[in-house]
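Take a look at the structure below.
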Amino acid sequence: MTKEKAQARREHLQKLRAEQKRKQRRAALLMWGTGGLIIVVLVGLVGFYLIDQGRKTSLDAVASVKYDGGQHVWNAVSYKETPPVGGEHNNYWQQCAIYDQPIHSEHAVHSLEHGAVWITYRPDLPKAQIDQLKEVAGATGQQEYMLVSPFPNLPSPIVVSSWGHQLKLTDPADPKLGAFIKRYQNGADTPEPGATCGGETAVTTTADQAPLPPEPQQQQQAPAETVSPSPSQSQQQ
């Protein structure tokens, strides 16, 4: 092989190698660019999801008022909020449960004082939506601190309340309902967190079944407000 041919062959091989390196660089750039784009898209989707979820579960619309606990009375009470979220209340609390008829607010407020969340709805709410509310109530938070009942003349189709806090809703599937329950059930503003929302002295009747109890003529010991066992304790018993 002549010197010229050998040189030409070396130059040809160098060109082939250079072209191969250029192709490899282009492939690497394309791969990293595509991967970077995918990462950017994924980050954007996750960010959008988190922002959207935060918006859907935002409790910025919760109305909050301040009430002192321990104001036990025997008479009917005229409340500022509909339904009430605190203030004077009957000596007897309402058994936490799901009711198909209105209950006395004076008993319900006492349950709120113990940490309950009270889901109220307009009596003419469609049955399918009522069933949805009951499903949420039965699957969210602590069932021993959950009240559900119809309430006439509500300012919104659905209103969820705790002691000092209230949120108006229109849709039982609204994620804000579950968020409210998780935040305010036995929450920081509960005057008597952990006090029982049941027991032998709890009221189990609805407003149409029994009136408010009359004031005793003789001195009567107030109902014992014992602390309910924690879920772990309940499972052990």
Could you pull out the residue among GLN166, GLN185, GLN143 that is under 14 Å from the mean Cα position of the chain (by Cα), modelled with pLDDT under 95 and either more than 22 Å from GLN95 (Cβ to Cβ) or of a type outside the set (A, V, I, L, M) (or both)? GLN143
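Conditions (1) closer than 20 Å to ALA207 by Cα; (2) not hydrophobic (A, V, I, L, M, F, W, C), marked per residue:
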{"site": "ALA61", "(1), (2)": "no, no"}
{"site": "GLY86", "(1), (2)": "yes, yes"}
{"site": "TYR121", "(1), (2)": "yes, yes"}
{"site": "LYS134", "(1), (2)": "yes, yes"}
{"site": "ALA139", "(1), (2)": "no, no"}
{"site": "LEU154", "(1), (2)": "yes, no"}
{"site": "VAL160", "(1), (2)": "yes, no"}
Mind checking which pairs have a first residue in region 143-161 that is not assigned by TED's automatic domain parsing to the domain that holds ASP189 and a second that is buried (at least 20 other Cβ atoms within 10 Å of the Cβ), Cβ under 7 Å, 6 or more apart or different chains? none
Boolean, PRO191 is within 12 Å of the chain's Cα centre (by Cα) and at pLDDT 95 or above: no
Here is a list of conditions, (1) more than 20 Å from GLN71 (Cβ to Cβ); (2) touching a residue at least 12 places away in the same chain (Cβ under 8 Å); (3) more than 12 Å from the chain's Cα centre (by Cα), and ASP131 meets all of them except one; can you say which number that is? (2)
Inspect region 217-227 for any residue being modelled with pLDDT of 95 or more and assigned to a loop (DSSP other than H, G, I, E, B) and give the result as yes or no. no
Go through (1) crowded, with 16+ Cβ neighbours inside 10 Å; (2) touching a Gly at 6+ places or on another chain (Cβ under 9 Å); (3) not aromatic (Phe, Trp, Tyr) and name the single condition THR196 misses. (2)
Considering each of SER78, SER111 in turn, give the residue that is assigned by TED's automatic domain parsing to the domain that holds ILE130, at pLDDT 95 or above and closer than 25 Å to ALA137 by Cα. SER111
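The values are calculated or read from the model by the stated rules, or taken from the named source; none is laboratory data. Note that the structure is a prediction, hence the values are computed from the model and not measured. Neighbour counts run over all protein chains shown; Cβ positions are idealised from the backbone, glycine included.
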